[in-house]
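Readers should treat all values here as calculations from the given coordinates under stated rules, not as data from a laboratory. Bear in mind the structure is a predicted one, so any value in this text is a computation, not a measurement. Glycine also receives a Cβ, built like all others from the backbone with ideal geometry; neighbour counts cover every protein chain displayed.
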Amino acid sequence: MAIRWQRELPQWLLLLAMFGLAAFAWSAAPASIPIHWGLSGEPNRFTDKVQGLLTLPIIAVVTYFGLLLMPHLVKATEAQLGSLYVWLRLGVLVMLAGLYAAIVLSVLGAPIDVGRAAPALVGALLLAIGAVMGRMRPNAIMGVRTPMMAFGRIRPITAPIASSSAPTSAGAARPTLIGAPSTDSTIAA
């Protein structure tokens, strides 16, 4: 899959914007920055300014290059991935940039509840991924229709669904499978 700068430009701009926001907020940011929020939505872990302002942009850069190089490492073709993979990569970066903007703006005093914004952003990303996953062709990177599964190297885990127990001829209960033919003569077909 060829790397085209026109496809990558929006992602580069997002990464630059994250580092630009860090530079903008550097002088106004407090010495202690929240980096984790509990279930109540209140911050429960803090760190210094360097780690607090630069960790998420660095994670975004590493994620960008990991997702960019993954097709080359597993030899996935553009015909398999198409433009959907580019949109999925952009969606991941938009989510990370939105989360970072919410964190930095809340640190600077904006009335943003990061404890609610983070799950909303992750949920939106998962909805977007789920919406396009069905249109992707089988590939070696993502989805449940990977080549390993298609060629039988990996089998999906399936378990029979047990219904309520049916009596056996000895009177002991045994589980029956839903949809399985019944061997008990007392059950009318």
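Below is a table of values for the structure above.
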| item | result |
| --- | --- |
| Under Karplus coefficients 6.51, -1.76 and 1.60, residue-wise ³J(HN,Hα) of the range 129-135 in Hz, glycine/proline x | 5, x, 5, 9, 4, x, 8 |
| Amide H contacts of T47 (H built 1.01 Å from N, under 5 Å, at least 5 apart or other chain) | I33, I35 |
| The range 5-150 - Debye-derived log10 I(q)/I(0), Cα point model, q = 0.17, 0.21 Å⁻¹ | -0.98, -1.26 |
| K49, K75 arranged by Cβ crowding within 10 Å, fewest neighbours leading | K75, K49 |
| Order of I103, I112 - criterion: other Cβ atoms within 10 Å of each residue's Cβ, fewest first | I112, I103 |
| Calculated from backbone phi, Karplus (6.51, -1.76, 1.60) coupling profile of the range 8-23 in Hz, x at Gly/Pro | 8, 4, x, 6, 4, 5, 5, 5, 5, 5, 5, 5, x, 5, 4, 5 |
